[in-house]
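The values are calculated or read from the model by the stated rules, or taken from the named source; none is laboratory data. Note that the structure is predicted; figures quoted are calculated from it, not measured. Neighbour counts run over all protein chains shown; Cβ positions are idealised from the backbone, glycine included. Just the protein is used for accessible areas: all its heavy atoms, side chains included, with ligands, DNA and RNA removed. Shrake-Rupley method; radii C 1.70, N 1.55, O 1.52, S 1.80 Å.
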Amino acid sequence: MYRSRSGSGSTFGRLKMRRWQIGAVAGVAVVVVGVGLGVASADAAVPTVNCPPVAVNAVPAQQQADVQRNLELLNTQINEANQRLRTTVGQGGANFIQNAILGPLKDKRFATINRIETAIGRNAAKPDLNAEGLSACTLNQGGGTSQQQNTALPSADASAAAAAVPTVSCPDVKIGVAIPAQQQADVDRNLALLKTQIAEANERLRTTVGQGGANFIQNAILGPLKDKRFATINRIETAIGRNAAKPDLNAEGLSACTLASAAAPAPSDSASATPTEEATVAPSATAAPDEDSPTGSPVAVNGQLSVCGVNLCNAAGKAIQLRGMSSHGLQFFPNCVNANSLDALRNDWKADFIRLSMYVQEGGLETDPTGFTNKVNGLVDNATELGLYVVVDFHILTPGDPNFNLGLAKTFFQNVTAKHANNNNVLYEIANEPNGVSWDAIKTYADQVIPVIRKNAPDSVVLVGTRGFSSLGLTDGSDEKEILADPVDFKNVMYTFHFYAASHGADRRAVVARAAKELPLFVSEFGTQTFTGDGTNDFTSTTAWLDLLKANKISYGMWSLSDGRETNSAFKQGTCAGTSFAGAGVLTEAGRYLRSRILTGVGNPN
């Protein structure tokens with residue numbers, strides 16, 4: 001949200017900037033004259049464009065509407081080019097047609113064919129439709145009717161698609177030693193978990209066909225599966241070892257799985273409690289416990305997070321929703337986020353995470369990079385001791401182009417990830433609210449910053465800000481489709497959406513509900529007030545928003561864990577000067593509402 005330099009208030013910007021601005025050229029139509037593509041006399045034959053057809057094979061059912069729309073757009077582009085040829089006869093120089101009509105048409109067709117490839121690739125193998133070769137059009141010099149693009153869609157052969165999906169093949173885990181009675185249930189639960197992990201990996205193989213690059217399956221499916229199996233087999237060894245000699249079940253050798261033939265049936269892991277007996281306990285949806293975090297804490301329960309499909313998932317691959325708070329600017333309210341307030345957030349609110357908003361400008365990081373980086377690192381340590389997840393927020397706002405701070409971002413994330421390389425509780429938000437900038441520019445920034453994070457934190461979840469103040473582009477008149485057409489090509493990436501309930505209502509909720517079916521979303525900031533961050537709280541709208549997020553398992557954090565004068569502050573003024581942060585007595589209406597929502601599932605400001 002937009003914030004003043006005093007640190008108060010928060011608002012969506014009102015820029016109404018289009019990604020593409022195409023100036024109209026008056027009156028057009030042209031013919032080939034001499035060796036150039038240029039002006040012709042008004043009585044000469046008006047040419048038309050001649051574009052090669054794009055052949056599309058099977059299209060997954062989920063993407064047929066998107067592909068259909070883009071095929072129809074190819075015809076729209078042909079018709080618009082012909083209209084320009086008719087209305088610009090006699091205009092321009094020798095290369096007018098090439099520069100003003102055929103060249104732009106080629107660019108539009110190239111982008112459209114690429115979007116068709118990307119759409120199909122979301123639910124099937126991404127095809128190569130030869131966008132480079134089919135984007136250029138020529139002229140029918142004598143005029144006539146342009147060949148139209150065939151927009152009829154062939155149906156995807158479901159059986160053929162299923163046959164092309166591989167499955168995982170994992171070595172058997174056999175237990176050839178006696179299992180103490182006290183540990184039988186624990187061992188059976190982990191043996192069942194091995195089966196669950198295989199089933200989940202096969203489901204991911206089925207639902208991510210065509211996604212990612214050359215190493216997607218290894219990095220996003222087989223690699224995480226190996227880590228999960230290694231931890232599970234180790235837990236079986238440890239369980240037996242509590243009441244008998246600890247066995248060596250060869251966790252290292254049995255954790256790696258391979259891909260079975262696409263035509264072969266999905267194998268089931270024959271992990272068993274004895275050399276011949278198969279475990280029959282129902283699969284567990286509980287993640288491997290994190291023994292370094294306090295018992296029962298969010299991190300202890302869920303472990304390393306990842307993105308699976310459109311959801312945030314715990315170490316067991318179960319979709320979860322994190323609920324928490326965002327700080328205000330750490331430079332504006334330096335005393336509000338500390339060991340005591342984080343303890344209240346974890347143990348009194350039962351929240352799951354804290355978002356640390358490190359403003360870059362407005363007296364923030366750029367004024368003292370070392371000091372503010374150290375402050376963030378210290379707060380991450382405080383949260384880690386409590387078993388809280390942490391979102392480290394690189395809070396860009398003014399200027400809105402994240403590339404302005406690219407160098408500082410790389411240094412900041414290099415330092416923070418190096419300090420917390422062994423943590424499994426840190427998520428990284430690389431650009432708070434990009435504004436006045438295209439999705440292309442945001443993606444260019446992400447492509448440069450994410451590799452810096454991945455160097456030290458290869459499995460961390462990264463949150464990418466979206467256009468129009470993290471509104472999925474809605475503030476700029478766009479929507480999620482521009483992201484779907486050109487997504488960030490890294491694993492474990494989610495896209496942020498911010499809302500302020502008194503200003504943003506049912507129309508935006510409808511877009512989020514639609515986008516959540518195809519994009520992994522994370523609401524890293526919201527408020528119960530207007531986009532100014534002040535004024536009357538709208539708890540009815542807030543409840544509708546949070547119910548939507550709950551239904552779609554979209555994580556959220558409220559702005560802000562501060563004690564300012566605005567209604568967005570969770571604490572009453574003066575609270576941060578003390579040491580007591582627990583209980584409803586120190587909270588504002590907004591604070592009491594969210595604490596109640598997290599504790600009971602029903603928000604209550606009283």
Checklist line | Selection from the stretch 316-368 of residues that are under 21 Å from the mean Cα position of the chain (by Cα), modelled with pLDDT of 95 or more and not small (Gly, Ala, Ser) | finding: 320, 321, 322, 323, 325, 352, 353, 354, 355, 356, 358
Notebook entry, point to check: Taking residue 132 and the conditions (1) exposed (fewer than 15 other Cβ atoms within 10 Å of the Cβ); (2) assigned to a loop (DSSP other than H, G, I, E, B), which numbered condition does it fall short on, given that it satisfies the others?
Noted result: (2)
Next item on the list: Tell me, yes or no, whether the stretch 458-472 has at least one residue that is surrounded by fewer than 20 Cβ atoms within 10 Å (Cβ to Cβ) and either out of contact with any Phe, Trp or Tyr (no Cβ under 7 Å at 6 or more places or on another chain) or hydroxyl-bearing (Ser, Thr, Tyr) (or both).
Entry: yes
Next item on the list: Output yes when any residue across the stretch 114-127 is open to solvent by 40 Å² or more (accessible area, probe 1.4 Å) and assigned to a helix (DSSP H, G or I), and no when none is.
Entry: yes
Note to self: With hydrophobic (A, V, I, L, M, F, W, C), out of contact with any helix residue (DSSP H, G or I) (no Cβ under 8 Å at 6 or more places or on another chain) and open to solvent by less than 10 Å² (accessible area, probe 1.4 Å) as the only criterion, which of 497, 531, 526, 522 stands out?
What the structure shows: 522
Next item on the list: Considering (1) of a type outside the set (Phe, Trp, Tyr); (2) part of a loop (DSSP other than H, G, I, E, B); (3) at positive phi, say which one residue 518 fails and leave the rest.
Entry: (3)
Notebook entry, point to check: Where in the stretch 326-422 are there helices (runs of 4 or more DSSP H), lying fully within it, with 3 or more residues that are open to solvent by less than 20 Å² (accessible area, probe 1.4 Å) and closer than 30 Å to residue 586 by Cα?
Noted result: 369-386
Checklist line | From the options 604, 552, residue that is within 22 Å of residue 321 (Cα to Cα), surrounded by fewer than 20 Cβ atoms within 10 Å (Cβ to Cβ) and touching a Ser or Thr at 6+ places or on another chain (Cβ under 6 Å) | finding: 604
Checklist line | Answer residue from the stretch 77-95, given it is in contact with a helix residue (DSSP H, G or I) (Cβ under 7 Å, 6 or more places away or on another chain) and in a helix (DSSP H, G or I) and is most open to solvent (accessible area, probe 1.4 Å) among those | finding: 84
Checklist line | Hits in the stretch 316-325 (condition: assigned to a strand (DSSP E or B) and either β-branched (Val, Ile, Thr) or open to solvent by less than 10 Å² (accessible area, probe 1.4 Å) (or both)) | finding: 320, 324, 325
Note to self: With the requirement that a residue be over 14 Å from the mean Cα position of the chain (by Cα) and assigned to a loop (DSSP other than H, G, I, E, B), what does the stretch 476-507 give you?
What the structure shows: 477, 478, 479, 501, 502, 503, 504, 505
Next item on the list: Kindly list the number of the only condition in (1) modelled with pLDDT of 90 or more; (2) touching a strand residue (DSSP E or B) at 6+ places or on another chain (Cβ under 6 Å) that fails for residue 145.
Entry: (2)
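Residues checked against (1) surrounded by 11 or more Cβ atoms within 10 Å (Cβ to Cβ); (2) modelled with pLDDT of 90 or more; (3) more than 22 Å from residue 195 (Cβ to Cβ); (4) among the β-branched types (Val, Ile, Thr):
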| residue | (1), (2), (3), (4) |
| --- | --- |
| 140 | yes, yes, yes, no |
| 156 | yes, no, yes, no |
| 160 | no, no, yes, no |
| 164 | yes, no, yes, no |
Checklist line | Filtered residues of the stretch 291-315 (kept if of a type in the set (S, T, N, Q), open to solvent by 40 Å² or more (accessible area, probe 1.4 Å) and in contact (Cβ under 8 Å) with a residue 24 or more places away in the chain) | finding: 304
